[in-house]
Structure formats: C-alpha cells, structure tokens
Amino acid sequence: MKTRAAVAWQAGQPLTIEELDLEGPRAGEVLVEIKATGICHTDEYTLSGADPEGLFPAVLGHEGAGIVVDVGPGVSSLKPGDHVIPLYTPECRQCKFCLSRKTNLCQAIRLTQGRGLMPDGTSRFSLKGQPILHYMGTSTFSNYIVAPEIAMAKIRSDAPFDTVCYIGCGVTTGIGAVIWTAKVEPGANVVVFGLGGIGLNVIQGAKMAGAGKIVGVDLNPKREAMARRFGMTHFLNPKEHENIVDAIVQLTDGGADYSFECIGNTTTMRQALECCHKGWGQSVIIGVAEAGKEIATRPFQLVTGRVWKGSAFGGARGRTDVPKIVDWYMEHKINIDDLITHRLPLQDINKGFELMRAGESIRSVVVY
Ligand code: NAD
Ligand code: AHE
Ligand code: ZN
C-alpha cells in the first residue's frame with residue numbers, strides 16, 4: 001500500500017513529504033493507521049545529526065497513537081480496530097530484561113530497531129525501490145506504519161488520539177521518571193532542569209507524588225507561567241544567578257532530595273547532581289546528550305551519598321503501564337491538553353520543528 005510520510009533524507013535538512021510504499025505486516029507484526037503524533041526533542045536530536053544511531057533516509061517520529069488496520073500471522077493480542085500507542089520501548093514479557101523486573105528496557109528487538117529495521121532485518125518502507133529506514137521502531141511521521149505486536153500498547157477506544165499520542169513519549173517519560181525511577185515520596189524537594197515537553201511532565205509527576213518544594217530551572221523565562229500551573233513552587237533562571245548550584249542548595253535547605261535533568265546538556269547534568277542533598281540526594285538523567293559528550297563530577301559527590309541514575313521512557317513497561325496512563329488522563333488525574341500548544345497538518349511538520357527550536361512550543365502535534 002501507499003502511505004504519506006515525512007522523510008528525513010539527511011542530517012540538518014528539513015523533512016520532505018513523500019508517498020512511500022509500505023509492505024504489509026509479516027509474522028508478529030501489525031499495520032497501524034497513525035492518527036496523530038507529537039514532535040519530541042529526540043526527533044530533533046536525531047535529525048540534527050548528533051545521534052550516534054541516527055541513520056538516513058528514515059521516517060522519524062516516536063510519539064504516536066492510532067488504529068490497528070491489519071495483523072500478520074501469529075499476532076494474538078491485537079485485532080483490526082484496536083486503538084494503540086506504538087512503543088519505542090517494547091515489552092515482550094519473555095526476555096531476560098523483562099523477566100528481571102529490574103528494568104523496563106526490553107531487549108527483544110533492540111538491535112534491529114537501532115538499525116532502522118524490523119526484527120527480520122528488513123524495512124517495510126521504500127520509495128521507487130529504495131528502502132527507507134524505520135526509526136525507534138515506530139516512525140510515527142508516517143500515516144501508516146508496520147511495527148511488532150510487542151511494541152504496541154492497546155488503549156481504550158474513547159481516548160482522543162491528538163492528546164494521548166503524547167503518552168507515547170513525553171508524558172510517560174516525565175511522570176514515570178518521578179514515580180517509577182526515582183519513587184519520589186511526599187514532602188521531598190524536587191528540582192527540574194529544563195521545563196519543556198519532558199520537564200513539565202516531571203513537575204506534574206512531582207505534584208502527584210506530593211513533593212514539597214518543586215523548583216524549576218530554565219533559561220527561557222516564558223516557561224515559568226506554565227510550570228507554575230503544573231505545580232512548580234519556585235523558578236530559577238540560571239542567567240540571574242552567579243552559581244545555580246549554590247542558589248538551589250540555599251533554596252532547598254541543603255539540596256534537592258531528587259533532581260531531574262530534562263535538557264540533554266552535560267553541564268546541567270553535573271549541576272543537577274551537585275545540587276542534590278549530601279547523604280541521599282538522587283539525580284535522574286532523562287536528557288539525551290550528543291554523540292561524544294561525557295559527564296563529569298568529583299567522585300567525592302558520590303562518596304558523600306549523592307546518587308546518579310538514568311531513566312528511559314520513565315521506567316514504564318509500555319504494554320502494562322501506558323493503558324493506565326491513558327486512564328489517568330481520561331479520569332482527569334493528569335493534564336495533557338494544556339501542554340499541546342500547537343496542532344499542525346503533516347505538510348507543516350517542519351514548522352513544528354522550528355517552533356521547538358525557537359522555544360515557542362511545548363508540544364506540537366501533527367494530526368493526520
Ligand atoms: P524541549 O526542547 O521541549 O525542552 C528543553 C527545555 O530545556 C527548554 O525549555 C529549554 O529552554 C531548556 N534549556 C535548554 N538549555 C538549557 C540550559 N542550559 N539551562 C536551562 N534550561 C535549558 O525538549 P523535551 O522534548 O522536553 O526533551 C528534553 C530532553 O529529554 C531531550 O534531551 C530529549 O532528547 C530527552 N528525552 C529523553 C527521554 C528518555 O526516555 N530518557 C524521553 C524523551 C525525551
Ligand atoms: N540513539 C541514542 C539513544 C537515545 C536515547 O537514549 N533514547 C531514549 C529515548 S528518548 C525518547 O525521546 C531511550 O529509550 N534510550 C534507551 C535505548 O535503548 O535507546 C543515542 O544517543 O545513541
Ligand atoms: Zn521522545
């Protein structure tokens with residue numbers, strides 16, 4: 001069949017809209033009509049050329065929602081008509097990682113996913129016979145996709161696609177990092193570096209967890225009002241402080257119980273660790289740093305009890321946890337609507353990237 005898709009031909013170039021050929025689902029795969037997709041900073045990171053796994057030409061996008069149209073042989077958990085959110089972190093429930101119960105990082109298809117291919121080592125997308133690569137196993141910048149059954153969360157059918165698509169990455173990443181990775185307890189002081197599409201969901205998660213002070217740090221003063229609406233109690237702009245770590249330590253009576261880096265900058269990663277409370281403060285890295293970048297701190301920071309951690313997809317086990325987050329949204333326990341600042345048709349997808357680069361949007365959603 002044919003599918004309209006935004007193709008990334010090479011790093012740093014705008015996407016172009018193409019009519020691609022899409023092969024049907026093979027064993028264990030499903031065909032999904034994507035109804036809406038968010039644009040996450042990770043798409044921009046890969047498009048920029050900074051992702052060591054970034055391959056071109058590819059169909060980017062990993063924050064979608066849609067409807068199953070067809071299923072391949074052996075698919076048992078999904079049928080045509082089911083509403084789904086594609087998962088860049090699948091959940092096979094059989095691999096060593098899934099069975100460990102210690103991580104959400106299912107590795108069943110990670111190798112081929114990182115090479116832009118389906119688990120059998122081939123791509124379902126092509127243009128005039130030239131294969132076009134998948135991305136993160138999801139490629140939600142295409143109106144139709146093929147993906148493995150284990151990489152689909154089945155969700156309730158009354159949830160609107162143009163908001164719950166954000167649960168495919170940003171909402172789950174931010175809220176999950178607080179409740180599943182850090183396990184923030186009531187009264188804890190939380191510091192959030194970067195108040196974009198991820199950081200604002202960390203703030204929303206911290207509020208849900210009953211955090212005490214919730215301190216937001218961002219260079220963009222426009223982020224303050226929105227962050228306060230989601231539960232931030234104090235805002236710090238690093239431009240207004242000689243030493244941001246000292247400012248945080250002073251504000252939090254000795255340091256953060258939990259900090260979250262939601263930028264992808266190795267300098268702020270160090271600050272996020274070093275602003276943590278001596279003896280127990282934990283810093284969670286969510287931001288994705290460019291190829292070649294490394295983090296540094298004095299080991300003394302760890303010797304004296306601070307803990308450095310990371311979180312991917314909020315520690316969520318997608319097929320199990322994503323449907324629950326959709327329920328939270330439908331029950332008005334979490335707010336997604338206010339974070340979606342722009343809706344665009346596919347042909348304007350590059351505008352969505354420009355809005356992100358300019359700091360004008362929180363989330364832009366492409367509606368097919
Ligand atoms: P975004 O562009 O919406 O937000 C980034 C925010 O950081 C902006 O508000 C910007 O003003 C602020 N910022 C930039 N530089 C800063 C600095 N030096 N000091 C203070 N603030 C600064 O991006 P996003 O979609 O929220 O993504 C944030 C990061 O999280 C990215 O690196 C993205 O790749 C990563 N991410 C990781 C996961 C994961 O599973 N680990 C999931 C999604 C996104
Ligand atoms: N290819 C990148 C990896 C980037 C990365 O860390 N991705 C996160 C999700 S970001 C979503 O917006 C993730 O899930 N990581 C775990 C994994 O297995 O990729 C690089 O830098 O190499
Ligand atoms: Zn993302």
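The values are calculated or read from the model by the stated rules, or taken from the named source; none is laboratory data. Treat the numbers as computed from the prediction; the structure is a model and nothing was measured. Cβ atoms come from the backbone with ideal geometry, glycine included; neighbour counts cover every protein chain shown.
Quick rundown of the values:
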item	result
Residue in the stretch 166-204 that is farthest from Gly318 (Cα to Cα), counting only those that are out of contact with any strand residue (DSSP E or B) (no Cβ under 7 Å at 6 or more places or on another chain) and away from ligand 2 (no atom under 16 Å from the Cβ)	Gly187
Matching residues in the stretch 230-258 - criterion: being within 21 Å of the chain's Cα centre (by Cα) and either assigned to a loop (DSSP other than H, G, I, E, B) or within 15 Å of ligand 1 (Cβ to nearest atom) (or both)	Phe230, Gly231, Met232
Qualifying positions in the stretch 180-212 - among the hydrophobic types (A, V, I, L, M, F, W, C) and either without any contact (Cβ under 8 Å) to a residue 60 or more places away in the chain or assigned by TED's automatic domain parsing to the domain that holds Met356 (or both)	Ile203, Ala206, Ala209, Ala211
Residues satisfying the stated conditions in the stretch 259-311, i.e. within 21 Å of the chain's Cα centre (by Cα), of a type in the set (Gly, Ala, Ser) and part of a loop (DSSP other than H, G, I, E, B)	Gly264, Gly287, Ala289, Ala291, Ser311
Criterion: within 24 Å of His62 (Cβ to Cβ) and not hydroxyl-bearing (Ser, Thr, Tyr) - qualifying residue of Val146, Val190	Val146
Leu55 vs. criteria within 16 Å of ligand 2 (Cβ to nearest atom), touching a residue at least 40 places away in the same chain (Cβ under 8 Å) and touching a strand residue (DSSP E or B) at 6+ places or on another chain (Cβ under 8 Å)	yes
Tally, over the stretch 238-267, of residues that are closer than 21 Å to Gly197 by Cα, buried (at least 20 other Cβ atoms within 10 Å of the Cβ) and either within 16 Å of ligand 2 (Cβ to nearest atom) or among the acidic types (Asp, Glu) (or both)	5
Verdict on Ala206 being over 22 Å from Asp43 (Cα atoms), of a type outside the set (Ser, Thr, Tyr) and under 20 Å from the mean Cα position of the chain (by Cα)	yes
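Yes or no, residue by residue, for (1) modelled with pLDDT under 95; (2) part of a strand (DSSP E or B); (3) among the aromatic types (Phe, Trp, Tyr); (4) under 22 Å from the mean Cα position of the chain (by Cα):
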position: Phe56; (1), (2), (3), (4): no, no, yes, yes
position: Ile67; (1), (2), (3), (4): no, yes, no, yes
position: Gly74; (1), (2), (3), (4): no, no, no, no
position: Ser77; (1), (2), (3), (4): no, no, no, no
position: Cys92; (1), (2), (3), (4): no, no, no, yes
position: Leu99; (1), (2), (3), (4): no, no, no, no
position: Thr103; (1), (2), (3), (4): no, no, no, yes
position: Ala108; (1), (2), (3), (4): no, no, no, yes
